[in-house]
1. Can you run phi through the Karplus equation (6.51, -1.76, 1.60; θ = phi - 60°) for region 212-227 and list ³J(HN,Hα) in whole Hz, with x for Gly and Pro?
2. What is the packing order of peptides 47-57, 288-298, taking the mean over residues of other C-beta atoms within 10 Å and listing the highest first?
3. Counting other Cβ atoms within 10 Å, keep those with at most 16, restrict to DSSP loop, and tell me which GluC sites (Glu not before Pro) in region 285-384 are left.
4. What list of ³J(HN,Hα) values in whole Hz, one per residue of region 302-316 in order, does the Karplus curve 6.51 cos²θ - 1.76 cosθ + 1.60 (θ = phi - 60°) give from phi, with Gly and Pro shown as x?
5. Quick check on the exposure proxy: order Ser205, Ser183, Ser73 from fewest to most C-beta atoms within 10 angstrom.
6. Tyr367's amide H: which non-local residues (gap 5+, or another chain) put their own amide H closer than 5 Å, with H modeled 1.01 Å from N in plane and none for Pro or chain starts?
Amino acid sequence: MRRERVVLLCLALLGLQQVSRATLRQSREIIITDAVRRIQNDGYNVERHSVTTKDGYVLTLHRIPQVDPELGSLLRRPVVFLLSGLYASSDVWLLNGREDSLAYLLWRAGYDVWLGNNRGNIYCRKNMWRNTTEREFWDFSWHEMGVYDLPAQVDYVLRTTGQKAMHFVGISQGGTVFLVLNSMLPQYNAVFKSATLLAPVAYVSNTKSGLAKVIGPVLGTRNYVSKMLEGVEMFSTNKFFKKFLSMTCLENEKPLVCISRLWPAVGYDTRFLNKTLLPDLMANFPAGGSVKQLMHYFQGYVSTRFRQYDYGPERNWLHYQQLEPPEYALEKVSTPVTVFFSENDYIVAPADIWRLLTRLPNVEAVYKVPWKRWNHFDFICGLGVREYIFDNIVISMNRYEQRRR
């Protein structure tokens, strides 16, 4: 009898374990590349908005508005616009959960939070005149995101909220896009109260990235291969594929297998990565884009400059009326800028950050994260993010709003 009770108890415990795993698995499934359901699942109000760029791309924005708890009406609050990095989407600002994600921290600090997206990712795969099977759809880099996508979204947000200016927070390529916009269209500096750039990518000549060192000399120069890849999609945005990646991480007892998929992008030192986020991370990154985005960075690695896309001498003359692409006029970026960087960043080396800072005319603050092993992806999914980076962002933005009153 005692042996039977033990067997029954073991079976019961095993059943509970399977139920808990199934519950966790189900919770992961419903939030794969779906920012609206994720935000609702975390207990916040959410809105989905669409905006069309001048060249026809239909972009999706996500908003976490301030709502009067009694009347249910929208409250007028300072606006902050968040833009993610290379091959990412608005979901990355939500991965740390309802307590520690920057989007929610800013909302709890009293801000009207808007999450932007760029052409080609999971939320922005429509164009008024082209479809995703055409090469022309994917013939863009982050330059077009800076001169078309970001201004269209900024104009829409200001028009919708009735505000005259906003705060900006961008990570990695999000910082690149911000710099492109304000150097190419300097009138937009007036609509940004402040800009916080987390590991912004501009100069990359000192990068530690193995991809840049191995593939950069090929894809960063004009040749048959790079020309063929200009109209090609990078990474699958298929939800079933992402579900498979997420479930593999969820079932795997050794997270190193999942982390290794990120090594080409973030580096091999991932000791600060919050490994409990791996299923969510694999479900939402990469979120899609073009090969040309990566090739534009490789061109910067080869040329050691931060400049527009290099089409080769003949096409450069047609595009720019000069044989080489022009450099971005960073001296025109007059928005007050705060920069965060790490000395261990696999993508953006400190030397490249300092080179960028010497060209920006209005740098308010520079923060080097205190953890020596902090890498590029830790700015979003690292342990200790809230205590240092996110809290400093909120404090600096609140300080600006207090000065304005």
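1. Karplus-based 3J(HN,Hα) across region 212-227 equals 5, 5, 8, 9, x, x, 8, 7, x, 10, 7, 7, 4, 5, 5, 5 Hz.
2. Working: 47-57: 15.7, 288-298: 23.8.
Those peptides, ordered most packed to least, come out 288-298, 47-57.
3. Working: sites: Glu314, Glu327, Glu331, Glu343, Glu364; in loops: Glu343.
Answer in residue order: Glu343.
4. For region 302-316, the Karplus-derived couplings read 6, 7, 6, 10, 10, 9, 5, 5, 8, 9, x, x, 5, 6, 4 Hz, x marking Gly and Pro.
5. Values: Ser205 16, Ser183 21, Ser73 7.
Fewest-to-most Cβ neighbours within 10 Å comes out as Ser73, Ser205, Ser183.
6. Val339, Phe340, Phe341
Every read-out reported here was derived from the displayed coordinates using simple, explicitly stated rules and does not represent laboratory data. As the structure is a prediction and not an experimental result, all values here were calculated from the model. Cβ sites come from the backbone with ideal geometry, for glycine too, and all protein chains shown count toward neighbours.
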